[in-house]
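Notes follow the structure.
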Amino acid sequence: MSSLLSGIINEARNAAGGVRDFATGLVSPTLRIGVTGLSRSGKTVFISALVHALLHGGKLPLFTALTRGRINRVYLEPQPDYDVPRFDYETHVEALTGDDRHWPQSTSRLSQLRLTIEYEASGLVARNLQGSKLHVDIIDYPGEWLLDLPLMNQSYTEWSAATLAASEREPRKSLAKDWLAHLKSHDPAAPADEAAVQKAAKLFTAYLASCRADDVSLSILPPGRFLMPGDLAGSPLLTFAPLAIDPEQKAADGSLHALMERRYDAYVSRVVEPFFYNHFARLDRQIVLVDVLSALNAGAEAVKDLKSALTDVLGCFRQGANSWASAVFGRRADRILFAATKADLLHHSSHDRLENVLALIVEDARKRAEFAGARIDVAAIAAVRATREATVKQGGETLDCIAGIPIKGEELAGETFDGKAEAAIFPGDLPDDPHAAIDGSLEGELKFVRFRPPLIPAQGAAAANATFPHIRLDRTLEFLVGDRLA
Amino acid sequence: MSHDPRKPKAFRLSQDEPEQAASRKEEPQETPRPRAKTKTASKARSPRALPAPEIEFDEDSGDQPLVPAVARDHTMQKRFKWGAILVSAALGLASMWAGLAATRLIEDLFARNEVLGWIGSGLLGLVLLAALAIIVREIFGLMRLKKLGTTQADAARAISADDARAAEATLSDLRAIYSGRADMRWGMAQLKDHTKAIMDPADRIRLAERDLMVPLDDEASRIIARTARRVSVITAVAPAALDIALVGAQNLTMLRELATLYGGRPGTLGTMKLARMVAGHLAVTGGLALSDSVISHLIGKGLIGRLSARFGEGAVNGIMTARIGLAAMDLCRPLPFLTQDRPGLSDFMREVVKFGDGAAAEDKPEK
């Protein structure tokens, strides 16, 4: 009953937002781009690079509106929402271009950016009523939070069962040892004890954090705020953990079970739902950034985990073709680009294979979106290209390599890089058959080394026109925005 | 399919001058290598069953939309087989006769006076030289025309199969066709600018179309519109006996101009061949073109036809000319229409039915 009611409330919320969007869209058209990606998939770098390229007129041959000169001006609008922080574009660009250039720190809170594109509109309405302007709204957020979205459709009991079942399997089992031991020590029906709850939450959080390490690189780690609490750290909303409970059993009043369940429900309704309905329910375009290469580094388990995490998360979004009724019931994302990020970590001759692996990972999500009528594309991209390509001849064979400065501490074949010397890397051959990525036959055959950001002039006259090199960022832009600038 | 895994490796580059060291190893970026189609097994490997050294990948298209190559009529050549034999035999006889006659003439000249004989020989040499030059030029013209067709087929393949080799072949053809032309210098520079970027083969072709074809398409549309307008005026005012010849000449000129514009530069034979291809193309696509806003044509024709029978005929001829022009455009354009809209018959309707003051005035500045 209550789930039905909340469903109706949420739909009403959506519809109200939809009507508001429609009304404001008439005079100041806005394109909401949902940059979707789990943590460390490169959302912040993608947004920064995209904005940088648009502001500085980067080399974007496939972005037709720009190359045909239909774009007059691009600028950053003052932040429109009072209660959402602005995306710290300047700091991120500074990090990428400064003296000690490095990739931006991982994002710990939500932020938003509004970009305005003034273009030569051809439509009568666009020219006169809308002033030939298109606002592009992009938000950045910790990717961990995205993992919470599937929780909206799960009860505490279901979530507990799923989490426990997952922790019974390797590689999670050994990481969850401490938490599982503690779990056995208390009885769900016992009276609630705050200290025990605190301990359980702490151990559970530690288990989740250990699953993220580079060598395991698992993806399904809800609740996301446990890993990236934002300003909720320490609050009761984040103080709960799964319990080994019988699905048939009702929680007794005052029991540990009841307390945990209440907190879980509060977490979903106060943290997850507002996050989703305020920012993701009404997207126009969606780009799904997937860090395929890190998952491949970690092995088949990580790839499989990534696949099911993305399927779950993307199942929450409203995707598909829009009709006249969309104006009333809220718009859907009608174009979805699945992008394998960090494509600069391998030679371009392997990009086809990378795209095939990505297509396998997002297979289910893609089918669902296609069935709903959305336009789909799959691309290997690098928003900021940190490497150059090279060929190395060794022992009679020619290796297609990439050259750049590996990040300090990266290792390959027994060699540790110092973050200063340039190296040419052959990361191994991606398989012809993408299924090799999940059947475990690739273990140890691939190693993608991370590189430092490329050197572009940050000061002086050259800096004004300096843009980041990229791979297929123009195609991405054309797919996401191009048709709205016609 | 079995694959041949190669271990990840790192090659440290010189510490002192990372920039230079890398640029030495960097592969020449001007011509992006086609994607690896063959794999060679390395020597320093542990013994194991190796896959065949050459793997031919089938050109299975992904889920990219297929771009249809331009329809061509293949029935024409077969029908003319006997005719070709007849013509070539007759030509052979004629050339033998001409050779004999020329030899006799020279002999006669020598018999009469040696000086006359030498002059005659000189003239005959000039005749032969000029004939040879014309033949060579015609052959080159035909070859260029053919190249436009093969480039188009390559481009269609590159797009539909996302085939890197076909894309590379297309681009090098385009470079060969347009590199010497002053009006294409800007487009070629743009294209060259983009060769370094990493992009998909299909995108490369789309980019080439945008950079190179757009100005040509505009010019081609102008040529078609101008000719269509002129043909309708000629039909309306020229004496009845002459107008067929005049309209035919106008059409041939248009074909030649279009082919030259797109890089074909055909001679007389080339133009004839193109005319035949256009006729075949129209025969194949005729039904398609008929449905293209046929109603508006009928209405337009009816109105003008009611005003004057000659003007009505003029409009019909103009429309026909525009259609021939569009068919020629399809055939001569080295790339299929991908990112650009294919001009339709309706784009030229206004030009055709706009007679009188406008036609004469607008005609001049474009020439």
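The values are calculated or read from the model by the stated rules, or taken from the named source; none is laboratory data. Since this is a predicted model, take the numbers as computed values, not measurements. Methodologically, a virtual Cβ is constructed for each residue, glycine included, from the backbone with ideal geometry; neighbour enumeration extends over all protein chains shown.
The number of residues in the range A:389-405 being at the interface with another protein chain (Cβ under 8 Å from one of its Cβ atoms), in contact (Cβ under 8 Å) with a residue 24 or more places away in the chain and either closer than 13 Å to residue B:12 by Cα or assigned to a loop (DSSP other than H, G, I, E, B) (or both) comes to 4.
Among the residues of the range A:171-189, those that are farther than 15 Å from residue A:256 by Cβ and touching a residue at least 12 places away in the same chain (Cβ under 8 Å) comprise A:171, A:172, A:175, A:176, A:178, A:179, A:180. Being surrounded by fewer than 18 Cβ atoms within 10 Å (Cβ to Cβ) and assigned to a loop (DSSP other than H, G, I, E, B) is the filter here; which residues of the range A:200-228 pass it? Passing the criteria: A:212, A:213, A:214, A:215, A:216. Restricting A:322, A:356, A:297, A:278 to residues that are assigned to a loop (DSSP other than H, G, I, E, B) and either at pLDDT below 90 or not hydrophobic (A, V, I, L, M, F, W, C) (or both) narrows the list to A:322. Please work out which residue is farthest from the chain's Cα centre (by Cα), limiting yourself to the range B:181-206 and to residues that are away from chain A (no Cβ under 13 Å) and within 20 Å of residue B:152 (Cα to Cα). For the range B:181-206, the residue satisfying everything is B:188. Tallying residues that are part of a loop (DSSP other than H, G, I, E, B) and at the interface with chain B (Cβ under 9 Å from one of its Cβ atoms) within the range A:415-429 yields 7. Consider the range A:363-388 and keep the residues that are free of Cβ contacts under 8 Å to residues at least 40 places away in the same chain and in contact with a strand residue (DSSP E or B) (Cβ under 8 Å, 6 or more places away or on another chain). The one that is farthest from residue A:42 (Cα to Cα) is A:370. Condition (residue is touching a Phe, Trp or Tyr at 6+ places or on another chain (Cβ under 8 Å), part of a helix (DSSP H, G or I) and touching a residue at least 12 places away in the same chain (Cβ under 8 Å)) applied to the range B:145-157: is it met by at least one residue? Scanning the range B:145-157 turns up at least one residue that is touching a Phe, Trp or Tyr at 6+ places or on another chain (Cβ under 8 Å), part of a helix (DSSP H, G or I) and touching a residue at least 12 places away in the same chain (Cβ under 8 Å). Taking the numbered list (1) farther than 20 Å from residue A:433 by Cβ; (2) crowded, with 18+ Cβ neighbours inside 10 Å; (3) acidic (Asp, Glu) in turn, residue A:355 passes all entries but (1).
Looking at A:39, A:122, A:108, just one residue is under 24 Å from residue A:316 (Cβ atoms) and surrounded by fewer than 17 Cβ atoms within 10 Å (Cβ to Cβ), and that residue is A:108. No other residue among A:485, A:473, A:442 is of a type in the set (A, V, I, L, M, F, W, C), surrounded by 20 or more Cβ atoms within 10 Å (Cβ to Cβ), modelled with pLDDT under 85 and touching a helix residue (DSSP H, G or I) at 6+ places or on another chain (Cβ under 9 Å) apart from A:442. Residue A:384 satisfies every condition listed in (1) more than 8 Å from every other protein chain (Cβ to nearest Cβ); (2) assigned to a strand (DSSP E or B) except (2).
In this structure, is residue A:360 surrounded by fewer than 23 Cβ atoms within 10 Å (Cβ to Cβ), touching a residue at least 60 places away in the same chain (Cβ under 8 Å) and more than 9 Å from chain B (Cβ to nearest Cβ)? In short, yes. Residue A:52 meets each of the listed conditions (1) under 26 Å from residue B:196 (Cβ atoms); (2) surrounded by fewer than 16 Cβ atoms within 10 Å (Cβ to Cβ); (3) at pLDDT 90 or above apart from (2).
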